[in-house]
Each structure stands twice: as structure tokens, then as C-alpha cells.
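Participant: Sharing a structure here in C-alpha cells format.
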Amino acid sequence: MSTTLSYGFKKPQDGDKGSTFWDDLEFDIQRTNDHSHNGVDSAVLASANVTTTTQNILAAGWVSQGNGYYRQLVTMPSSPTAMLYDNYFIVCRDTTSKNQMLLAIEKVSSNTFYVYINDNSKDVTIYYLS
């Protein structure tokens, strides 16, 4: 007979046999798949567990696309370790006001991407979250 752990996971006991063992295993796999770290179905993730790296891109680097939009090719930082696009959530903020900017981002390679903007006078700070 299994023991129900915190957050509802089921821990099998020595000697569990038959459908109970497999039902509990299936239940735990589904629970692992569906958890959201909301404190109810799993432990809350503390903000201390989120790391941030920032990178400034300057207004002088915007290149006109001829349609009222501008873009910059950004190469992700390589120090202290090489950063890869697929491993980060990218947020853009106005460097001066710190307001979030909902800019289009387009992956170019494993560590480069374009950022698009319609105001080429803005300096932007890129926040890489992992």
C-alpha cells in the first residue's frame, strides 16, 4: 500500500504488487507532467532560483527595415559561460524608464537573435531569465 506524500505524490512500499503499483506510478508521472509550482500541486519556486543576465543595446545600432521598423542583431553574452537562445526567457525594457517593451524577437542562430522596434531613438536593456 502506497504512502501519499506532500503535494499528493504516491510513494510505493516494499512488496507492492499488481495494479496498485502501476496505477500509482501512472498517477505520479501524470502529476509530474502537470505540476505548476503553485504551492498546491508542487513546491513554489522562489524568485531566488531565477537568474538574470542583462545586456544593453544602444539606439545607434538600429538598422532601418524600410517599413517604419528597425532591428538589431544581438549576440548573446558568452561570459561567464556561453548562453544559448533556447535556454532563456528574454524580456526587453527601456533602458531609461525601465518599462517593459513588448518587442518582437526572432531567433537567428543558437546564440543570436533580431530585436525589432518602431522607435530607433530608444536604448534597450535585454534581460535573460533562466
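The values are calculated or read from the model by the stated rules, or taken from the named source; none is laboratory data. Fair warning: this is a prediction, and the values are worked out from it, not measured in the lab. Glycine also receives a Cβ, built like all others from the backbone with ideal geometry; neighbour counts cover every protein chain displayed.
Participant: What pairs can you find where one residue is in the range 90-103 and of a type outside the set (A, V, I, L, M), the other is not in a strand (DSSP E or B), and their Cβ atoms are less than 8 Å apart, with a gap of 6+ or different chains?
Facilitator: Cys92/Leu102; Cys92/Leu103; Arg93/Asn99; Asp94/Lys122; Asp94/Asp123; Thr95/Lys122; Thr95/Asp123; Thr96/Asp123
Participant: Give the number of residues within the range 47-66 that are hydroxyl-bearing (Ser, Thr, Tyr) and without any contact (Cβ under 8 Å) to a residue 12 or more places away in the chain.
Facilitator: Selection size over the range 47-66: 1.
Participant: When the range 104-126 is examined, which residues are found to be in a loop (DSSP other than H, G, I, E, B) and more than 16 Å from the chain's Cα centre (by Cα)?
Facilitator: Matches in the range 104-126: Val108, Ser109, Asn118, Asp119, Asn120, Ser121, Lys122, Asp123.
Participant: In addition: Check Thr52 against each of (1) closer than 29 Å to His37 by Cβ; (2) surrounded by 14 or more Cβ atoms within 10 Å (Cβ to Cβ) and name the one condition it does not meet.
Facilitator: (2)
Participant: Need pairs with beta-carbon distance below 6 Å; first residue more than 23 Å from Ser130 (Cα to Cα) and within the range 67-83, second modelled with pLDDT of 95 or more and surrounded by 18 or more Cβ atoms within 10 Å (Cβ to Cβ); sequence gap 6+ or separate chains.
Facilitator: From the range 67-83, the pairs are Tyr70/Trp62; Tyr70/Ile117.
Participant: Kindly indicate whether Asn67 is touching a helix residue (DSSP H, G or I) at 6+ places or on another chain (Cβ under 9 Å) and more than 30 Å from Arg31 (Cβ to Cβ).
Facilitator: No: the conditions fail for Asn67.
Participant: With at pLDDT below 95 and exposed (fewer than 15 other Cβ atoms within 10 Å of the Cβ) as the only criterion, which of Thr112, Thr96, Thr75, Thr81 stands out?
Facilitator: One residue alone meets the criteria, Thr81.
Participant: Moving on. Take the residues in the range 27-49 that are among the acidic types (Asp, Glu) and surrounded by 11 or more Cβ atoms within 10 Å (Cβ to Cβ), then tell me which one is nearest to Ile90 (Cα to Cα).
Facilitator: Among them, the one singled out is Asp41.
Participant: Is it true that Asp41 is part of a loop (DSSP other than H, G, I, E, B) and either closer than 25 Å to Ser130 by Cα or not aliphatic (A, V, I, L, M) (or both)?
Facilitator: Against the criterion (part of a loop (DSSP other than H, G, I, E, B) and either closer than 25 Å to Ser130 by Cα or not aliphatic (A, V, I, L, M) (or both)), Asp41 qualifies.
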